[in-house]
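Visitor: Sending over a structure as structure tokens; questions will come in a sec.
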Amino acid sequence: MTQRPIFDYLATFGFGYFFGLGGLALMHFFTAWPATYQDAALMALISGAGAVGARLYNRRAARPVDGE
């Protein structure tokens, strides 16, 4: 197994975590939910895992194009 797919999945997780944490931090600022930023960080792990799951699903669902 090459390192490229591992890097792609780690980057996907990072983007999902980053945007999930950003959204939860804004919700904490405006509505005081979640109660702490630490809780938001734990919930953002779900967002990162969801991004990886979506990437895996799209990889299975996409059909290869002729010539690839």
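The values are calculated or read from the model by the stated rules, or taken from the named source; none is laboratory data. These numbers come from a predicted model, not from an experiment. Here Cβ is always computed from backbone atoms with ideal geometry, including for glycine, and neighbour counts include all displayed protein chains. Surface accessibility is based on the protein's heavy atoms, side chains included, excluding ligands, DNA and RNA. Shrake-Rupley method; radii C 1.70, N 1.55, O 1.52, S 1.80 Å.
Visitor: Given points 7 Å out from each Cα along the Cα-Cβ axis, report the Arg59 to Gln3 separation in nanometres with one decimal.
Guide: Taking the two extended label points, one gets 1.8 nm.
Visitor: Now a separate question. Give the accessible surface of the chain per residue, rounded to a whole number of Å², with probe radius 1.4 Å and ligands, DNA and RNA excluded.
Guide: 82 Å²
Visitor: Tell me, what HN-Hα J-couplings in whole Hz come from the Karplus equation 6.51 cos²θ - 1.76 cosθ + 1.60 at θ = phi - 60° for each residue of the range 37-52, using x for Gly and Pro?
Guide: Residue by residue, the range 37-52 yields 5, 5, 5, 4, 5, 5, 5, 5, 4, 5, 5, x, 5, x, 5, 5 Hz.
Visitor: What ranking do 40-51, 6-17, 24-35 get when scored by the average of other Cβ atoms within 10 Å per residue, highest first?
Guide: The packing order, highest mean first, is 40-51, 6-17, 24-35.
Visitor: Using only Cα atoms, find the angle between the long axis of helix 3-31 and the longest principal axis of the chain, and express it within 0 to 90 degrees, rounded to the nearest 10.
Guide: That works out to roughly 20 degrees.
Visitor: Which net charge results for the neighbourhood of Ala11, defined as the other residues with beta-carbon distances under 13 angstrom from its beta-carbon, given Lys and Arg at +1 and Asp and Glu at -1?
Guide: The answer is +1.
Visitor: How big is the chain by Rg and Dmax over its Cα atoms, in Å?
Guide: For the chain, the Cα radius of gyration and maximum Cα-Cα distance read 15.6, 52 Å.
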